[in-house]
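The values are calculated or read from the model by the stated rules, or taken from the named source; none is laboratory data. No experiment lies behind these values; they were computed from the predicted model shown. Counting neighbours? That spans all protein chains shown, and the Cβs are built from the backbone with ideal geometry, glycine included. Note: areas computed on protein heavy atoms with side chains; ligands, DNA, RNA excluded. Shrake-Rupley method; radii C 1.70, N 1.55, O 1.52, S 1.80 Å.
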Amino acid sequence: MPRYQQIARQLKQAISDGELMAGSRLPSSRTMALELGVARATVENAYGELVAQGWLERRGQAGTFVTPSVTSGANNVANALSQPQGAPRPFQMGLPALDAFPRALWARVMGRRLRLQTRYDLLMPEANGESTLRQAIADYLRFSRSIDCQPEQIFITAGFQAAMRLVVHTLAKPGDGIWLEDPGYRYVRPAFAEAGMTLQPVPVDGEGMQIDYGIEHFPDARFALLTPAHQSPLGVALSLARRHQLLDWAAANQSWVIEDDYDSEFRYHGKPLPPIKSLDGPQRVIYAGTFSKSLFPALRVAWLVVPQQQVEAFSRHTHFLPCTAPLLIQQTIADFLREGHFWRHLKKMRLCYSERRVWLEQALREQGFDVVPQAGGIQLVMRVSGDDRAWVAKAREAGLAVQALSDWRMESTGEGGILMSFTNLTSQAMALKAAKQLREAIVP
């Protein structure tokens, strides 16, 4: 099948599945050709075929649009059921904008790396991660996050949970206490509980984790895990005063701070505060990052930056917990970083998420909902009165992947809330439709 017909078929499927909404504008043929890595004439032929079939229409200099009268799969059950297994549900959290990732560019970078592989790339990979990727991450952190580190301080892992297991196996022992934000990221708790550690919930307010509370109630804790850039799930930033207070406590008690910087790249208002790691004179901070939110979760690649004096200890434990991320994936990420594609992608995504967040906020407010303002992140909180778990149960029955704020709490109490993401709402119309579905599901 000619390439232009393949592209036409893919576009037609996207329209049928509702990914391209009726009336939406398509990229120019030049832009699409660059994205797909084909000649511009190939895209023109694909567009022309769909125009002839009535799927698309041209509007002169305004561009090419999906025909307004076309019926998308988003409007009928049959096509909805035909969507691929694992397709994101409305409001699903923890996902970047899958439609906005430059898949053709990624394929070219990976394909080139695959073609250039030598027989030595077939050997057992380095247990602490591919050296080119560790160097690329060190360079990126130095310029983007003001974190001065060397490649040997960086340990690549197969996802965030694996990173936490490596920390636990290297530094923790049964009975060690760990401060956890309350409410906080619920899915990491089993990694510490299974190691026999004591989970110590510390409340969160408008300035982030209440360090005074932790010092008063759990002064001898061995660890503190925080999401200081955008607290998960409330979205607040840990104040600068509390960052210094946390470091002073860690230095005085010889404790460890684990800084989970999971989505610091996505801030829409104001200047971000410096990472705790960049302030770490006492060298008590372990910095954790992941490509799941900035690129895509199927990569299953995360990293740790450990203090220089702990490099040898972590290296010993990687012999028992080696990095299992495929070498080709690690090399491709390294090329993506070194060639500037990652920077350009993040710049694009900041604009994309800022727009999509506004779409959802406006849509929810039009439906009478109360949205909590946040300066960044890829999720939001909607205040609700009463039992938020009951509201969420109704919404999930309707196929909406929202979560209850109460399920993220350990001991703290407070107002109820519904957590949701906006990243895969690809149009204002889709956001409005999802908000209406939520209203119909939870409001009697």
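Observations on the model:
- Taking amide hydrogens as placed 1.01 Å from N in the peptide plane, the amide H of Trp256 sits under 5 Å from those of Phe223, Ala224, each at least 5 positions away in sequence or on another chain.
- The peptide list 276-289, 153-166, 27-40, put in order of mean Cβ contacts within 10 Å with the highest first, becomes 153-166, 276-289, 27-40.
- Leu328/Gln5 FRET efficiency (R0 25 Å; Cβ-Cβ; nearest 0.05): 0.25
- Extended-chain gain in nm, criterion 0.36 nm per residue less alpha-carbon gap, Ala390 and Ala313: 23.0 nm
- Here the spin labels are modelled as points 7 Å beyond Cα on the Cα-Cβ line, and at Lys347 and Arg383 they lie 3.8 nm apart.
- Cα centroid of region 91-112 to Cα centroid of region 228-291, whole Å: 28 Å
- Spacing of the two label points (7 Å from each Cα toward its C-beta) at Leu199 and Ala41, in nm: 6.2 nm
- Averaged per residue, the chain has 45 square angstrom of accessible surface, using a 1.4 angstrom probe with ligands and nucleic acids left out.
- Shown for region 270-422: the carbon plus sulfur share of the solvent-accessible area, taken with all protein chains present and a 1.4 angstrom probe, equals 53%.
- Dividing the alpha-carbon radius of gyration of region 146-219 by the rule-of-thumb value 2.2 N^0.38 Å gives 1.26.
- Taking 0.36 nm per residue of separation and subtracting the current Cα-Cα distance, fully stretching the chain between Ala107 and Met124 would add 3.7 nm.
- For the chain, the longest principal axis of the alpha carbon atoms and the long axis of helix 341-366 meet at an angle near 80°.
- P(r) for region 16-60, from all Cα pairs and a bin width of 5 Å, is 5, 21, 27, 27, 17, 2 %, short bins first.
- Gain upon complete extension [Leu34, Ser144; 0.36 nm per residue less C-alpha separation]: 36.9 nm
- Average Cα contact separation per residue, region 180-290, under 8 Å, 6 or more apart, as relative contact order %: 24 percent
- Based on the Kirkwood approach, the hydrodynamic radius assigned to the chain is 23.7 Å, with every pair of different Cα atoms included.
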